[in-house]
Amino acid sequence: MTDLALAQWLTGPSAAAILDRAQALESSGSGPSAALAASAALRRAFPDLSAEQCAAAMTQADLRRRAVERYGIEGRPFLTRDGLEQATQPVVASRRAAMLIAAGCTRVADLTAGLGFDASAFVAAGLAVTAVERSPETAVLLAANVPSARLVIGDATDNATRAEATSELGPSDVIFVDPARRDASGRRTPDGARAQSERDPERWSPPWSFVASLADDHRVCVKAAPGFPPERLPVGWHGEWTSVAGTATEACLWSWPAFEATRRAVRIEPAAHGRDAWVAEFGGTGARGQVDVTAVAGSIHEPDPSIMKAGLLDDLAADLRLTRLDAHSAWLTGGDVSSPFVRSYRVEDLLPSDAKALRRSLRERGIGALTIKGRATGIDPDALRRRLALIGPNTATIVVTVSMGRRITLLVTPR
């Protein structure tokens, strides 16, 4: 069975009950032996199922579980492993769709629709969507995931395909692009689970230069990797860098002044444990000079990843009247502040940085469980924790960083 035929079977009515059964079996255990047992049980329940169809159904079940766990994507979308790696979290996609509507947009041409994660959010918000996908196999899954979108099969870099996709756009409407940034055959993350993101925007598919050129004729909104350098924003473009639950997730680049500041950091905390989701925004230019570097004051403050990715550390420090611990450190210091863009710690003591002396100091305090924060210092918190070999009833947090050119270790209490 070809990949296209398999995609058509998966999205057809004859596979519905098989996928339901596969999902129930997949959730009943974990590990290689459980996966083999689940596949065997599925073949027993559906004797006419081919080996390819069984594998495809179990893969869908596995990917749907991962979609919920990693991205909060609920429901029963049709997925591929590569497509899921570039998924947009629903809370981010919904916010982007709302921003497009606020900007007067009524139609979106999604030139890199893939499995339709963003297209689904656009449709749910009431936007008319044209979805472009170059892979016929992926297009079958896309059509099932976003049935109300107008589907165009082709490569968006092809002039004829692009002209067809954008033919209905008005002056306030938008081209959306989410370039492929992962090469499935290339480098993997250290655990081997995911392809590593391509850092050079010219190696994206389509490349950044092509994407930026689309703004010559239309408004353009681009989802990019969170590491997209703010200084690469073209003149007249605005960018925002988003974190979700403390993790940098993406940059979103707008070819028009979609908001007041040139750059904006966005922190999103999803709904959890009965708490509503909330969003915080901080805008700036990234053009102000570096704030002063001073010694440790009563509190130190760790900036949210969105601030760092947006290049707004000094803008935030100036706004909160804080200083830097070091010209090359992200840690800020000063008095008590209240901001959703920093996590604050009260400084309790300055500890020795030598491992033996540090062990002695912590053992004297009866500390057994230790949280170690040492971002950008090159230390391995797990290795240091093993080396300290602490035993005791108390818990503590230490921050290992650089202050005014000298490595320091601080005993802190989260505020």
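The values are calculated or read from the model by the stated rules, or taken from the named source; none is laboratory data. Only a predicted model underlies this, so the values are computations on that prediction, with no experimental measurement involved. In this analysis, Cβ positions are derived from the backbone assuming ideal geometry, glycine residues included, and neighbour counts consider all displayed protein chains.
Here are some notes:
- For ALA330, the requirement of being of a type outside the set (Lys, Arg) and surrounded by 15 or more Cβ atoms within 10 Å (Cβ to Cβ) is met.
- Pick from segment 335-361, criterion touching a His at 6+ places or on another chain (Cβ under 9 Å) and among the aliphatic types (A, V, I, L, M), ranking: farthest from VAL402 (Cα to Cα): VAL337
- Inter-residue pairs, beta-carbon under 7 Å, first on the phi < 0 side of the Ramachandran plot and in segment 39-53, second in a loop (DSSP other than H, G, I, E, B), 6+ apart: LEU42/LEU49; ARG43/LEU49; SER50/MET1; GLU52/MET1
- Leading residue by the ranking (farthest from ARG407 (Cα to Cα)) among those in segment 316-334 that are among the charged types (D, E, K, R) and out of contact with any helix residue (DSSP H, G or I) (no Cβ under 8 Å at 6 or more places or on another chain): ASP319
- Test: residue in segment 246-255 that is of a type in the set (S, T, N, Q), part of a strand (DSSP E or B) and at negative phi: yes
- In segment 288-313, of all residues being in contact with a strand residue (DSSP E or B) (Cβ under 6 Å, 6 or more places away or on another chain) and among the polar types (S, T, N, Q), the one that is surrounded by the most Cβ atoms within 10 Å (Cβ to Cβ) corresponds to SER306.
- Positions within segment 95-120 being hydroxyl-bearing (Ser, Thr, Tyr) and buried (at least 18 other Cβ atoms within 10 Å of the Cβ), in sequence order: THR112, SER120
- Number of residues in segment 50-60 that are closer than 17 Å to GLY12 by Cβ and surrounded by 19 or more Cβ atoms within 10 Å (Cβ to Cβ) equals 4.
- Listed by position, the helices (runs of 4 or more DSSP H) enclosed by segment 1-68 that each have at least 1 residues that are among the acidic types (Asp, Glu) are 3-10, 16-26, 51-66.
- Taking the criterion of being at pLDDT 95 or above and under 30 Å from the mean Cα position of the chain (by Cα), the residues of segment 9-58 that qualify are LEU10, THR11, LEU19, ASP20, ALA22, ALA55, ALA56, ALA57, MET58.
- Selection status of ALA24, in contact with a Leu (Cβ under 9 Å, 6 or more places away or on another chain), surrounded by fewer than 20 Cβ atoms within 10 Å (Cβ to Cβ) and farther than 29 Å from LYS223 by Cα: no
- First in segment 135-147 and more than 15 Å from ALA119 (Cβ to Cβ), second anywhere and part of a helix (DSSP H, G or I) and among the hydrophobic types (A, V, I, L, M, F, W, C), Cβ under 7 Å, 6 or more apart: PRO136/LEU4; GLU137/LEU4; GLU137/ALA7
- Filter result for ARG407 (part of a helix (DSSP H, G or I) and farther than 30 Å from ALA280 by Cα): no
- Odd one out for GLY170, checked against (1) in contact with a Ser or Thr (Cβ under 8 Å, 6 or more places away or on another chain); (2) closer than 23 Å to PRO13 by Cα: (2)
- Test for ARG107: is it assigned by TED's automatic domain parsing to the domain that holds ALA121 and under 28 Å from the mean Cα position of the chain (by Cα): yes
- Hits in segment 121-146 (condition: closer than 18 Å to ALA93 by Cα, of a type outside the set (A, V, I, L, M, F, W, C) and surrounded by fewer than 21 Cβ atoms within 10 Å (Cβ to Cβ)): GLY126
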